[in-house]
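In what follows, a single structure is set out as structure tokens and then discussed.
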Amino acid sequence: MRMLEQEEENDNAEEVTWEDQQRINTFSKLNNRIKFIEEKLADLKQEKEALDDLSTELELADEDEPVLYRIGETFVHMPQPRALKRLERDQAAVDAKVSVLVAQAEECETQMKQLKVTLYSKFGKAINLDE
């Protein structure tokens, strides 16, 4: 990243209209939303890995012995077949959340690309929309 020279800064200086400012604000909001979504996806990825590990452990467990299964912040004893069914539901729920977040991220990316085209065509080097 570098500072613009005074001459570069003033060259082709466009006036920022109210509509332009709204586009810039929208881009910023979308950028923040994508960062939030990426954080949530990282958390869900860790949760999915933990559930996959649990699946492996439950497959090796004795069917006659009760297992500890985490529900919220509490661990409860339940039979192994019931824990497997619960695990499948939890994995499906995580997968559904991931797919919703991925769709939201793709929608944000699409809107951001449209805004980039519009803003870069008007402001050129005078605006930086890349991280």
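Relative to the longest principal axis of the Cα atoms of the chain, the long axis of helix 18-60 makes an angle of roughly 20 degrees. Remark: segment 107-118, residue by residue, has Karplus-estimated 3J(HN,Hα) of 5, 4, 4, 4, 5, 5, 4, 4, 5, 4, 4, 5 Hz, where x stands for each Gly or Pro and the curve is 6.51 cos²θ - 1.76 cosθ + 1.60 at θ = phi - 60°. What is the sum of charges, Lys and Arg at +1 and Asp and Glu at -1, for the other residues whose Cβ falls under 12 Å from the Cβ of A105? The answer is -2. Think of the chain as a dipole: +1 on every Lys or Arg Cβ, -1 on every Asp or Glu Cβ, centred on the Cα centre; then among L84, V67, N25, N25 lies furthest on the positive end.
Distance between the pseudo-spin-label points of V98 and F75 (7 Å out from Cα toward the beta carbon): 2.5 nm. Our coupling estimate for segment 98-106, obtained by passing each phi through the Karplus curve with A = 6.51, B = -1.76, C = 1.60 and θ = phi - 60°, is 4, 5, 5, 5, 5, 5, 5, 5, 5 Hz, Gly and Pro reported as x.
Work out the length of the dipole vector of the chain about its Cα centre, built from +1 on the beta-carbon of each Lys and Arg and -1 on the beta-carbon of each Asp and Glu, and round it to the nearest 20 debye. Walk me through the numbers on the way to the answer.
On the way: 18 positive and 31 negative charges, 101 e Å.
Computed charge dipole of the chain: roughly 480 debye.
Expressed as a whole percent, the accessible surface of the chain that belongs to carbon and sulfur atoms is 50, based on a 1.4 Å probe. For the chain, the per residue solvent-accessible surface stands at 77 Å², with DNA, RNA and ligands left out and a 1.4 Å probe.
Placing a label point 7 Å from the Cα of Q91 along the Cα-to-Cβ direction, the residues of segment 47-66 with a backbone N closer than 13 Å are 48-60. Across the chain, the relative contact order, built from alpha-carbon pairs under 8 Å that are at least six residues apart, equals 34 percent.
The values are calculated or read from the model by the stated rules, or taken from the named source; none is laboratory data. Quick caveat, the model's predicted, so the values are computed rather than measured. Ideal geometry is used to build each Cβ from the backbone, glycine not excepted, and the neighbour counts take in all protein chains shown. Note: areas computed on protein heavy atoms with side chains; ligands, DNA, RNA excluded. Shrake-Rupley method; radii C 1.70, N 1.55, O 1.52, S 1.80 Å.
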